[in-house]
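Below you'll find the structure, written out as structure tokens, and then a few comments.
The values are calculated or read from the model by the stated rules, or taken from the named source; none is laboratory data. Because the structure is predicted, anything quoted here is derived from the model rather than measured. Here the Cβ positions follow ideal geometry from the backbone for every residue, glycine too, while neighbour counts run over all protein chains shown. These accessible areas exclude ligands, DNA and RNA; they are computed on the full protein's heavy atoms, side chains included. Shrake-Rupley method; radii C 1.70, N 1.55, O 1.52, S 1.80 Å.
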Amino acid sequence: MVDSRILPAAMLGALVAVGLAVAGGLVGKGVENARVGDRNVTVRGLSERIVKADLAVLPLKFAAAGNDLQAVQADIDADTAAVRRFLGALGYQGAEVDLGRLEVTDQYAREYQQQNVAARYRVAQTVIVRTTNVDRVQDTTRRLDQLIRQGVVLQDYTGPSYVFTKLNEVRPAMIAEATASARTGAQQFARDAGADLNGIRSATQGSFEILGRDEVGYEAAAQVFKKIRVVTTVSYRLR
């Protein structure tokens with residue numbers, strides 16, 4: 001005679017076994033889905049453009065020295081007038097020319113005074129040209145010898161700086177171009193992997209760089225033509 005307690009126990013064991021099997025199947029399916037969901041590719045898209053600077057800044061610094069401060073200042077005033085006439089003859093308007101820093105040095109007042117100083121006072125003045133007429137500034141730099149002939153000796157001359165100020169005008173199109181470039185690369189990767197793109201997982205826009213067109217030999221600020229570059233990083237899901 002079968003013990004009445006054996007049947008319920010056997011049924012309970014069978015139900016537990018079935019439950020474990022079903023649960024194991026669900027866990028296995030979840031792991032499979034998780035692996036599919038983790039499939040992604042991260043690519044970078046590049047956009048570059050060559051643009052022309054739309055602003056030029058040209059500092060012209062000159063100096064005079066002597067033992068009579070008033071005489072030295074008079075020399076500086078004469079040089080300043082000569083520089084203004086020179087720039088006016090080239091077509092610069094008054095708003096495009098401004099006085100910069102005035103430097104006055106008394107050699108006798110310096111903490112570490114040099115012996116046998118040739119001139120006690122040194123005065124330096126800077127005239128700054130700031131204009132959107134970039135071509136005129138380029139022409140000006142080729143005519144600076146005219147100032148030298150008038151006795152104006154330029155000090156610490158480094159040439160003009162050329163600036164591109166219209167980045168916001170090209171930014172949207174360049175971001176779109178870089179993003180499209182990234183998607184093209186992701187699509188090629190997906191085809192090679194036998195998969196399809198399944199939407200963007202994350203995206204990062206890099207900083208815009210403004211470089212000189214000729215990256216070797218000249219500083220970017222000294223070049224009229226600039227190279228603008230932006231790189232976007234995009235991560236796509238695969239299916």
Test Leu12 against the stated conditions and say whether it is surrounded by 10 or more Cβ atoms within 10 Å (Cβ to Cβ), more than 29 Å from Asn198 (Cβ to Cβ), at pLDDT 50 or above and not charged (D, E, K, R). no
Quick check: is even one residue across the range 164-171 of a type in the set (S, T, N, Q), surrounded by 12 or more Cβ atoms within 10 Å (Cβ to Cβ), out of contact with any helix residue (DSSP H, G or I) (no Cβ under 8 Å at 6 or more places or on another chain) and closer than 30 Å to Asp139 by Cα? no
Exactly one of Thr80, Thr105 is assigned to a strand (DSSP E or B) and among the hydroxyl-bearing types (Ser, Thr, Tyr), and that residue is Thr105
Can you report the number of residues in the range 171-200 which are more than 29 Å from the chain's Cα centre (by Cα) and not in a helix (DSSP H, G or I)? 6
On the basis of being among the aromatic types (Phe, Trp, Tyr), part of a strand (DSSP E or B) and either open to solvent by 60 Å² or more (accessible area, probe 1.4 Å) or under 30 Å from Tyr92 (Cα atoms) (or both), does Tyr218 make the cut? no
